[in-house]
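To keep things clear, I will list the structure first and then write my remarks on it.
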Amino acid sequence: AGIGAVVKTLSIGTREFMDQQKVAAQTSAVLKSTGRVANVTAKQMESLSSALMAKSGVDDEAIQSGQNLLLTFTKVRNETGKGNDVFNQATVAMLDLSVAMGKDLNSSAILVGKALNDPVKGASALSRAGVQLTAQQKDQIKTFVESGRVLDAQKIILKELTTQFGGSAEAAGKTLSGQLNVLKETFNNLAGELAGTFLPTLATAATRLVSFLTEFA
């Protein structure tokens, strides 16, 4: 039974480790292709996705995959100054929107990313998706963009997203199913770390075994 549990853990861990590596590779690629204009590092993205997983129970690899899409919208970036961490806020808004409206994270990331990358067009796109902005807010957004104050326009959108959906992911994480998901994802991550430690050794052992069996084939 003990051996079976170890084998199962390593099996889960291997899948988790491979998922982690795939997402991390994409993060690295997008950061490089966009010239790191989002002013965020891969480590910071990983830390934020892990922290959000612990609160919501949503798979941290799925959250980071959404962040990878946000990176492609090059005006969505962290700036210096209090309240100017637009990329981080967009990540939270993406997750809350996804949970509240039952959307997958990737589509939510694209919706939020487009809205922040081009606030004027984005305001209309959000309205079509069910996120209502008032006529006054839309006028303010247009005025800010025309005067070169894109960050201020983005803040209006982020504030409204927070008003309508803020805390949705964390609230879901406090339910029984949410807490079970937190435990599940925490276990999967630990199993992934375990597999990451043992996989090189197992790969070497497998290679030697194949070589040994080939000699007697």
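The values are calculated or read from the model by the stated rules, or taken from the named source; none is laboratory data. Bear in mind the structure is a predicted one, so any value in this text is a computation, not a measurement. Cβ placement follows ideal geometry from the backbone for every residue including glycine, while neighbour counts extend to all protein chains displayed. Remember, those area values only see protein heavy atoms, side chains included, never the ligands or the DNA or RNA. Shrake-Rupley method; radii C 1.70, N 1.55, O 1.52, S 1.80 Å.
What the table below lists for this structure:
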item	result
Any pair with Cβ under 7 angstrom, 6 or more apart, that starts in region 181-192 at a residue that is farther than 10 Å from Arg15 by Cα and ends at one that is charged (D, E, K, R) and open to solvent by 20 Å² or more (accessible area, probe 1.4 Å)	Glu185/Asp59
Criterion: over 27 Å from Asp60 (Cβ atoms), hydrophobic (A, V, I, L, M, F, W, C) and at pLDDT below 95 - qualifying residue of Ala153, Ala191, Ala217, Ala129	Ala217
Residue match in region 159-167 (condition: part of a loop (DSSP other than H, G, I, E, B), open to solvent by 70 Å² or more (accessible area, probe 1.4 Å) and either within 16 Å of Val86 (Cα to Cα) or in contact (Cβ under 8 Å) with a residue 40 or more places away in the chain (or both))	no
Odd one out for Gly148, checked against (1) open to solvent by 40 Å² or more (accessible area, probe 1.4 Å); (2) outside any helix (DSSP H, G or I); (3) in contact (Cβ under 8 Å) with a residue 12 or more places away in the chain; (4) not acidic (Asp, Glu)	(3)
Odd one out for Ala54, checked against (1) at pLDDT 90 or above; (2) open to solvent by less than 40 Å² (accessible area, probe 1.4 Å); (3) more than 17 Å from Ala90 (Cα to Cα)	(2)
Region 73-93 residues that are at positive phi and open to solvent by less than 60 Å² (accessible area, probe 1.4 Å), paired with ones that are basic (Lys, Arg) and at pLDDT 95 or above (beta carbon under 9 Å, 6 or more apart)	Gly83/Lys155
Selection status of Lys43, of a type in the set (D, E, K, R), surrounded by fewer than 18 Cβ atoms within 10 Å (Cβ to Cβ) and either at pLDDT below 95 or not in a helix (DSSP H, G or I) (or both)	no
Positions within region 114-138 being more than 19 Å from Gln164 (Cβ to Cβ), open to solvent by 50 Å² or more (accessible area, probe 1.4 Å) and assigned to a helix (DSSP H, G or I), in sequence order	Val120, Lys121
Total residues in region 89-118, condition over 21 Å from Gly178 (Cβ atoms) and of a type in the set (A, V, I, L, M)	6
Sole exception among (1) open to solvent by 20 Å² or more (accessible area, probe 1.4 Å); (2) free of Cβ contacts under 8 Å to residues at least 24 places away in the same chain for Ile141, by number	(1)
Any hit, region 25-34, residues being over 13 Å from the mean Cα position of the chain (by Cα) and farther than 21 Å from Asn78 by Cβ	yes
